[in-house]
1. Give me Glu19, Glu330 ranked fewest to most by other Cβ atoms within 10 Å of their Cβ, as a rough exposure proxy.
2. Taking H as built 1.01 Å from N, whose amide H comes closer than 5 Å to the amide H of Ala352, not counting residues under 5 places away?
3. Please work out how much length the chain gains when fully extended from Val72 to Lys268, using 0.36 nm per residue of separation minus the C-alpha to C-alpha distance, in nm with one decimal.
4. Expressed in nm to one decimal, what extension gain is obtained for the pair Lys212 and Glu356 from 0.36 nm per residue of sequence separation less their Cα-Cα distance?
5. Give me the one-decimal nm value for the distance between modelled label points at Ala92 and Ser15, 7 Å along each residue's Cα-to-Cβ direction.
6. Quick one: Ile116, Ile266, fewest Cβ neighbours within 10 Å first, how do they rank?
7. When the Cα centres of the range 29-89 and the range 271-321 are compared, how far apart do they sit, in Å?
8. Report, by chain and number, residues whose modeled amide H sits under 5 Å from the one on Lys306, excluding near sequence neighbours (fewer than 5 apart, same chain).
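Just so you know, all these numbers are worked out from the coordinates, no wet-lab data involved. Note that the structure is predicted; figures quoted are calculated from it, not measured. All Cβ positions, glycine included, derive from the backbone under ideal geometry; neighbour counts span all protein chains shown.
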Amino acid sequence: MEQRKLYRTIEILASQSFESFHDLLHEILIQIVNNEEIDVSGGRIWKLDESDVAYKLLYQTGDAFEIENGFVLHLYNHPIFKLITNERTILADETNLELIKKGIFKYSATGIGKKIKIGEDSYYQYLMALNSDHIDDELRYTLNIVSTILTSKLFERHLSKSQQHLIADIDKAKQLQKSILPEHEFRFHDYDLFGVTIPAENLGGDFFDYLKIGDDEDRMAIVVGDAASKGISAAAEAMYISGAIRMASMFEIKISPFMFRLNHLINKIFSDDRFSTMFYGEISKDKKGLFLYANAGHPPAIYVSKAKNTITLLEPTGPLLGVTPNSKYETDSLNFEPGDMLIIYSDGITEAANGEYDFYEEERLQSLILENLHVTPKELVYTILDDVNTFSTTNSKYQDDKTLVVIKKRES
């Protein structure tokens, strides 16, 4: 299942009302096992028992043989639990003889919740383990997303529901956030650019930037990012990432190593319930219109060929930022011809909802773009925003930050 679709599906489900966090865990497990797109045969939830220094079976579902209620996995007999603390999600061969007898030979497991210190080591509060005939990176990404959302929901339950809002501090933060955004309109050699971001609340997790690379006047980076969630925490993460990218732009680092280092930094700095998506591209003075890019779990940017009247989607070249420390990101490329456009957007555009909770979706956005190939980047941005606002309802609970950046190569 596509990463952002999976994130939205799990987030909506996790936002429903449950009597306890255990009920939420159980329901998410059932939904994952029953989802044909995820392709797992069974799963279990384990809870850390500090007194027994072990994980105890909490729930199980699916086609795998059932394990006795109260079954425990002692921490010191399974060093792989330490690995989960460091990596969050692991793919492994089963080593417990009792589980092997039950026909469980391979599994994927992810940590959920806070890390609890036992002795010299720390362990996740919960584990979710899934069985599948396809134990691969796709399952790893699935579990990473599930773990992130559930950890976030658990932290939300522990937060104090204070009624006081720090209005003055929010206003200062809002002004600070505005100050780091670039000018909407920009020209770079034979490219015209226009970008805008509209937060769903006072502060938003979306950001975009135009950045000169090193001392080179012939290369410029365009970045569009989306820190998960909304409000102050998302805004803080967005500002941190934006600042880190600005510092990195002073050095001529190749895109793939840059994305690797940025992901490692975000994973180290922010808690387990935080992640971001990001699209990073570079335009240059190159006569052939070379455009290099990497996409970290962000909605596919839309490249439009004016001559062919066709659309190409710039799909992710790597996973979400911050979920695991050692993720790798590939770099891809294309060539701009005169009149061609690239539209980079956040999912607040395509997932804007109307009164019936129907989403705006990619198909409507693509059709609108093809109808407006003749306009300037600024005109296209406002045409899209007007259409999204006409479609959606401002009071929908699913409204999110909206960001759009359009790049167009000028025609002679």
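1. On the way: Glu19 7, Glu330 12.
Ordered by Cβ neighbours within 10 Å, fewest first: Glu19, Glu330.
2. Excluding prolines and chain starts, which carry no amide H, the hits are Tyr360, Glu361.
3. Numbers: separation 196, 0.36 × 196 = 70.56 nm, distance 3.08 nm.
Here the answer is 67.5 nm.
4. So the chain would gain 47.5 nm between Lys212 and Glu356.
5. The modelled label-to-label distance comes out at 3.5 nm.
6. Numbers: Ile116 13, Ile266 24.
So the ranking, lowest neighbour count to highest, is Ile116, Ile266.
7. One Cα centre to the other: 36 Å.
8. Asp340, Met341
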